[in-house]
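The values are calculated or read from the model by the stated rules, or taken from the named source; none is laboratory data. All of these numbers come straight from a predicted model, not from anything done at the bench. Methodologically, a virtual Cβ is constructed for each residue, glycine included, from the backbone with ideal geometry; neighbour enumeration extends over all protein chains shown.
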Ligand code: CA
């Protein structure tokens, strides 16, 4: 699975997802995304945008079950069955995420991927593939796919990946992100707990945003250090512990467990509500 170095962070972020755990699913569902890379105007506090998902799948059973699950999760989902329809649909109504079957009746999924990317280079595409060999995957990535999932897949795992991916879209874009009563605005670099704005140093904000982006999943010390401090970081992680401590003093209130859990020998996890 861990084929592409550039994706290690994301893969880390999904490892903690317990797809079969109903409590975890229920908790994860409480993460709300507001805004996205394509939303120019910030939404009012508490508003929730329905992210658009374009599902491209010619298999009627897989398509129907995915459509049902994605719609039930709250995504504004369109389902098309051919590559031509996928390209046209994306052109008319761009989606935050495209779930794209590799084996389509008319066009090759990779061609569809390329053409969607020609239209919008930042399009987020997740391949659904029955072809499991590495070469196809690499070619798929070169064509602009950001992720793939191999059939047969577990529905809960797929939904967890979709959530993670959309959270990353929102976090990377001009939108903002909510985890429980925490709200983080990437563009203005501001964050709130409920109505109270947090006063933070630059690295504290970066760390909080990084943790919140993958809320509910364990992030290793190495990932946090390299993402927040330096891409080529090696050495002590004391500064990480120092910043987590400072963050905790700002975001935790009263007794009870911290919002950021220490995972001994691993790293940290921002807890879902
Ligand atoms: Ca197919």
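Applying the selection to the stretch 67-104, what residues are within 14 Å of residue 163 (Cβ to Cβ) and within 16 Å of the ligand (Cβ to nearest atom)?
Of the stretch 67-104, the ones within 14 Å of residue 163 (Cβ to Cβ) are 69-70, 72-75, 77, 96-97, 99.
Matches in the stretch 67-104: 99 only.
Scanning the stretch 59-80 for residues that are within 25 Å of the chain's Cα centre (by Cα), outside any helix (DSSP H, G or I) and surrounded by fewer than 18 Cβ atoms within 10 Å (Cβ to Cβ) returns 74, 76. For the stretch 131-143, check the following and say yes or no: at least one residue is closer than 19 Å to residue 162 by Cα, part of a loop (DSSP other than H, G, I, E, B) and modelled with pLDDT under 90. No; the residues of the stretch 131-143 include none that is closer than 19 Å to residue 162 by Cα, part of a loop (DSSP other than H, G, I, E, B) and modelled with pLDDT under 90.
Taking the condition of being more than 28 Å from residue 176 (Cα to Cα) and either outside the structural domain of residue 118 (by TED's automatic domain parsing) or touching a strand residue (DSSP E or B) at 6+ places or on another chain (Cβ under 9 Å) (or both), how many residues in the stretch 49-85 meet it? First the steps, then the outcome.
Residues of the stretch 49-85 more than 28 Å from residue 176 (Cα to Cα): 57-65, 80-85.
From what is left, the residues that are either outside the structural domain of residue 118 (by TED's automatic domain parsing) or touching a strand residue (DSSP E or B) at 6+ places or on another chain (Cβ under 9 Å) (or both) are 57-59, 62-64, 80-83, 85.
Within the stretch 49-85, residues that are more than 28 Å from residue 176 (Cα to Cα) and either outside the structural domain of residue 118 (by TED's automatic domain parsing) or touching a strand residue (DSSP E or B) at 6+ places or on another chain (Cβ under 9 Å) (or both) number 11.
Taken together, the criteria exclude residue 50 from residues that are surrounded by 21 or more Cβ atoms within 10 Å (Cβ to Cβ), away from the ligand (no atom under 12 Å from the Cβ) and part of a loop (DSSP other than H, G, I, E, B).
Pick from the stretch 105-130 the residues that are more than 16 Å from the ligand (Cβ to nearest atom) and farther than 18 Å from residue 165 by Cβ: which of them is modelled with the highest pLDDT?
We begin by selecting, within the stretch 105-130, every residue more than 16 Å from the ligand (Cβ to nearest atom); these are 114-124.
From what is left, the residues that are farther than 18 Å from residue 165 by Cβ are 114-115, 118-119.
Working: 114: 87, 115: 90, 118: 86, 119: 86.
Among those residues, the one meeting the criterion is 115.
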